[in-house]
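Heads up, the thing below is written out as structure tokens.
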Amino acid sequence: MTKPQTVLRAAVPAAAPAMPLTACGPENDAPVAPVAASAGEATATGPGATEPPAAGGAGATAGTGGAGPGTIPSATTGGNPIGGAGGGSGKVGFGNPLALTATGSYQGRTRADVTPVSVVEGTAAEIAPFDFKPADLEGRTPYYVTVSFTNRTGAPLTDEYFMMRFKVNTDAEATGILPAPAIMKSIPQCDAGKKPGTLADGRSQQQCAVYLVPTATPPQFLTFGSVLDTEPLVWKVG
């Protein structure tokens, strides 16, 4: 690396409209080729399997009127479009986002508890060896986004690329930047070469994807949902 990475924890400045880079497959459509892979996967039988994570950690809040210290921040969603309630403070959205590490409960066809783990700024030099098109990299900065997903479908999931429905937003709009095209090699900062494997019901795994974000407009929000959802789960970066 040419410079230390920075984990985003503080609010970022106002941003211009986002620039989508790739297309993603909605959870209600036929499967498409994966655009991101996972890091630190946990399977039902493998040694890396983990129990469901605590929802956001003590003291985190959900939305602008979030729960008090010691409570579990969450968002319960249902129906299509996907919406939800955050800590009793109303529907989750860009005007009432979850805190960055709070847990949202997604109730689409693939049900999951979704918890962002980190948003880390990278450098162009780090991803230079991985054959991105020059036009994809020009004026953009890579960000490595790691998210924990807990399977709540009631059945095992095999090769479920949750990150296909996870976006980085540079402003409060429903559109967003999708993961960069799949890199079939391992980037140390994201370990993007691994496949998710099988995830048993109630078990958790982390997935990571690389996002190429316009340098002048750093991430402001994270969103998760099918492309058919007009009200996805939303987290505020910072």
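Taking the accessible area of the stretch 119-238, probe 1.4 Å, and keeping the other protein chains in place, the carbon and sulfur fraction comes to 54%. Peptides 141-148, 110-117 ordered by packing proxy, namely the average of other Cβ atoms within 10 Å per residue, highest first: 141-148, 110-117. Could you tell me whether the stretch 123-206 comes out rounded, prolate or oblate from its Cα gyration tensor? Rule is a ≥ b ≥ c as square roots of the eigenvalues, rounded for a/c under 1.5, then prolate if a/b exceeds b/c, otherwise oblate. Judged from the Cα gyration tensor, the stretch 123-206 comes out oblate (a/c at least 1.5, b/c at or above a/b).
Given a 1.4 Å probe and the protein chains as shown, Glu138 ends up with an accessible area of around 140 Å².
Packing, as the average of other Cβ atoms within 10 Å across residues, places the peptides 208-218, 183-193 in the order 208-218, 183-193, highest first. Residue separation of Arg152 and Lys194 scaled by 0.36 nm, minus their Cα-Cα distance, works out to 12.9 nm of gained length.
Which of the three applies to the stretch 171-216, rounded, prolate or oblate, going by the alpha-carbon gyration tensor with a ≥ b ≥ c and a/c under 1.5 meaning rounded? Oblate, since a/c reaches 1.5 and b/c is not below a/b.
Sequence-distant contacts, meaning Cα pairs under 8 Å at least 6 residues apart, place the relative contact order of the stretch 170-238 at 32 percent.
Remark: the Cα gyration tensor places the stretch 82-238 in the oblate category, a/c being 1.5 or greater and a/b not exceeding b/c.
Counting lysine pairs in the stretch 129-238 whose alpha carbons fall under 27 angstrom apart, excluding pairs fewer than 8 residues apart on the same chain, gives 10.
Once all protein chains are placed together, Leu137 keeps about 50 Å² accessible to a 1.4 angstrom probe.
The value of relative contact order for the stretch 114-185, using C-alpha pairs under 8 Å at least six residues apart, is 30 percent.
Here the spin labels are modelled as points 7 Å beyond Cα on the Cα-Cβ line, and at Ala172 and Ala128 they lie 3.9 nm apart.
Name the residues of the stretch 127-151 whose amide N is less than 16 Å from a point 7 angstrom out from the Cα of Asp201 along the C-beta direction? Answer for the stretch 127-151: 150-151.
The values are calculated or read from the model by the stated rules, or taken from the named source; none is laboratory data. If you're wondering where the values come from, they're calculated on a predicted model, not measured in any experiment. Glycine gets a Cβ as well: all are built from the backbone with ideal geometry, and neighbour counts include every protein chain shown. For accessibility, only protein heavy atoms count, side chains too; no ligands or nucleic acids. Shrake-Rupley method; radii C 1.70, N 1.55, O 1.52, S 1.80 Å.
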